[in-house]
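Here is the structure we will look at, set down as structure tokens.
The values are calculated or read from the model by the stated rules, or taken from the named source; none is laboratory data. Because the structure is predicted, anything quoted here is derived from the model rather than measured. Don't worry about glycine lacking a Cβ; one is built from the backbone with ideal geometry, like all the others, and counts go over all protein chains shown. Heavy atoms of the whole protein, side chains included, go into the accessibility calculation; ligands, DNA and RNA do not. Shrake-Rupley method; radii C 1.70, N 1.55, O 1.52, S 1.80 Å.
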Amino acid sequence: MKIDVLALFPEILAPALQTGILRRAQEADKLAVNVHNLRDWATDKHKSVDDYPYGGGAGMILKPGPIFSALADLNPGQTAHVIYLTPQGTPLTQALAESLSLETHLILLCGRYKGVDERVRDRLVTTEISIGDYVLSGGEIAALVLIDAIGRVLPGALGDYESAQVDSFSHELLDHPHYTRPAEFEGMQVPEVLLSGHHDNIEKWRYTEALRRTAQRRPALLQKLELTAEDIAILKAAGLTELK
Ligand code: SAM
């Protein structure tokens, strides 16, 4: 997969792209990320990319000219999926990240100030994505969040892909609790079943904990599931049936 990022502050992305799974995915040629500075497409001597809003008011707007020129260079065949990061977009979910991981070329457009001229959205943008109901000062961090979520589910990118498949949201349940050594720490014990070596019982315990945790913390997620009689019995035992 190739990802081009168009940003006013590309330096924000560099350290994260050179670390951990994202670095390994690039080294393994599963992922190529190129971060471009929007100012490279500015045409005046001050390299300006923003201007005052028509109609007045506070804040600057990213001009259409440099963005249209950049997209003409980065997407000549117009085959890429062009994503504008904006709080007005479709909320980012695990399912959306997984479906985007199947694309071959993404272009991520990062806004700044009050955002981009509306004609960019009308003509160039395929999809708008939000990383949450809050407003960041720029799209760079939102683009990083999206790249990270996509990068770790790219087939072959994560060493132990298994572990991504059981993370929270990958099967509509939150992840179960995790423990590592020592078995006793400051008087707190690791649940006995995890020390038993009994694989079936461990899996059952993990599923039960994931179900209980989801019912307690994110009950709306359970609405999407077909609960079995056994699931309902687990929730009942935990006093959580009224949530369903
Ligand atoms: N005036 C815009 C609005 O209310 O929709 C907000 C502009 S914000 C200050 C500047 C840029 O940050 C946006 O253009 C967008 O690229 C990015 N941004 C801010 N919050 C975001 C979010 N929750 N998800 C994705 N991108 C966001």
Please verify whether P15 is away from the ligand (no atom under 16 Å from the Cβ), open to solvent by 60 Å² or more (accessible area, probe 1.4 Å), closer than 26 Å to S168 by Cβ and modelled with pLDDT of 95 or more, treating the condition exactly as stated. yes
Can you go through L221, L225 and tell me which one is surrounded by fewer than 16 Cβ atoms within 10 Å (Cβ to Cβ) and in contact with a Ser or Thr (Cβ under 8 Å, 6 or more places away or on another chain)? L221
Of everything in segment 78-122, what is assigned to a loop (DSSP other than H, G, I, E, B) and either open to solvent by 40 Å² or more (accessible area, probe 1.4 Å) or without any contact (Cβ under 8 Å) to a residue 12 or more places away in the chain (or both)? Give them in sequence order. Q78, T79, L92, T93, L102, E103, T104, Y113, K114
Restricting segment 125-136 to residues that are more than 6 Å from the ligand (Cβ to nearest atom) and open to solvent by 40 Å² or more (accessible area, probe 1.4 Å), which is farthest from P10 (Cα to Cα)? D133
Helices (runs of 4 or more DSSP H) wholly inside segment 138-235 that include at least 2 residues being over 30 Å from P87 (Cβ atoms): 161-165, 192-195, 199-217
Is it true that K30 is of a type in the set (D, E, K, R), away from the ligand (no atom under 16 Å from the Cβ) and either within 23 Å of the chain's Cα centre (by Cα) or buried (at least 21 other Cβ atoms within 10 Å of the Cβ) (or both)? yes
Considering only segment 141-157, I want to know if a residue exists there that is over 30 Å from L38 (Cα atoms) and either assigned by TED's automatic domain parsing to the domain that holds A95 or aliphatic (A, V, I, L, M) (or both). yes
Can we say S130 is in contact (Cβ under 8 Å) with a residue 60 or more places away in the chain, polar (S, T, N, Q) and in the same structural domain as D51 (by TED's automatic domain parsing)? no
Among residues of segment 38-57, those that are surrounded by fewer than 17 Cβ atoms within 10 Å (Cβ to Cβ) and either at negative phi or among the acidic types (D, E) (or both), counted: 11
Exactly one condition in (1) within 30 Å of L174 (Cβ to Cβ); (2) more than 16 Å from the ligand (Cβ to nearest atom) is not met by H105; state its number. (1)
Taking segment 21-62 and keeping only residues that are farther than 20 Å from R112 by Cβ and not in a helix (DSSP H, G or I), one is left with A28, D29, K30, L31, A32, K45
Selection from segment 137-196 of residues that are within 16 Å of the ligand (Cβ to nearest atom) and either open to solvent by 70 Å² or more (accessible area, probe 1.4 Å) or at pLDDT below 80 (or both): S137, I141, D148
